[in-house]
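This report concerns only the one structure given below.
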Amino acid sequence: MAYHITKAVIPAAGLGTRFLPATKAIPKEMLPVVDKPAIQYVVEEAVRAGVPDILTITGRSKAALEDHFDRHWELERALEKKGDEKRLKRVRKSNDLGDVHFVRQGEPKGLGHAVLIGKNHVGDEPFAVLLGDDLIDEGDHLLEEMIEAQLKHGGSVVALMEVPAEQINLYGCAEVEQIDGETSGVVRVKGLVEKPSPEEAPSNLAIIGRYVLDPSIFAVLEKTEPGRGGEIQLTDALAERASATGEGAGVIGVVFRGSRYDTGDRLDYLKAVVRLGTRHNEFGSDF
Ligand code: G1P
């Protein structure tokens, strides 16, 4: 389906410290989930939602990401020679996905800073942000729903998910209210706070790694002071948008009730491999 959003930013500059030593020499986004690196699922999700132009924000030692989405002539030629059409198709799929661009963050100054790096590429239109290590089940249509909500309500949109109270300190947390005439899954965000303690948290609704942002976020990010952890937080800039009025202001939350895996977390990663493995069309039932 064709939507009004054509560009996505995928921040993928994080060090992956939760997964050491596996991520010492390879980026966490390249860890295989069944037979594809985690980042390929994220790029495929954007393309499925009709967003073909993808800017990946990387950092040092992330060259494998660029190689993965580039052509590999030697490999293709070797497979062609062998007549191995099946594997050839799989290899080609990873570089035929969309228009994947790369830029480096330079300094690790936080998620808000990473998104700001996309300013020139994105220009003056709403755009999607997909965090490179959050995997959303293929059967769910979260990004499409968020893009529709942005079209209907304007402003910016965040994906929210209920989490146990003792885990809210790992996420951005939203204070929300119902919107008259909307389904219960689409809410107005009144306030946002990055990684609050359970006592400070206004709800158990956590921001998960999908956003559709109004371009006015860039001017706000430019002025956002370092927040939690000394980093420029996207959540803080969105909190400003939630309380502001005028062009491009306002934040909507789309509450997600499907399956999401944080592939940067060892337990969640294993769950993703098992669940997706059991559904694999070739060997799912054996597995
Ligand atoms: C980031 C955001 C946070 C959000 C989370 C989702 O945190 O800052 O608001 O809830 O992603 O995965 P990080 O996981 O990078 O610490």
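Every number in this text was worked out from the coordinates using simple rules, so none of it is lab data. Nothing here was measured: the structure is a model prediction, and the numbers come from that model. Note that we place each Cβ from the backbone using ideal geometry, even for glycine, and neighbour counts take in every protein chain shown.
Here are some notes:
- Hydrodynamic radius of the stretch 165-287 by the Kirkwood approach over all distinct alpha-carbon pairs: 16.5 Å.
- The local environment of Gly246, defined by Cβ-Cβ distances under 13 Å, has a net charge of -2 under the rule Lys, Arg +1 and Asp, Glu -1.
- Whole-angstrom gap from the stretch 60-92 to the stretch 196-228, using each part's C-alpha centre: 38
- Size-normalised alpha-carbon gyration radius of the stretch 1-123, reference 2.2 N^0.38 Å: 1.14
- FRET efficiency for the pair Leu20 and Glu247, taken as 1/(1 + (r/R0)^6) with r the Cβ-Cβ distance and R0 = 51 Å, rounds to 0.70.
- Over the chain: helical MRE at 222 nm, DSSP H runs n ≥ 4 each giving -39500 (n - 2.57), nearest 500: -9500 deg cm²/dmol
- Ranked by the mean number of other Cβ atoms within 10 Å of their residues, highest first, the peptides 130-143, 59-72 fall in the order 130-143, 59-72.
- Normalised convex hull volume, the chain, alpha-carbon set, Å³ per residue: 145
- Residues Glu80 and Glu222, FRET efficiency given R0 of 35 Å [Cβ-Cβ distance, rounded to 0.05]: 0.10
- Pairwise label distance in nanometres, Phe283 with Ala64, each label 7 Å out on the Cα-Cβ vector: 2.0
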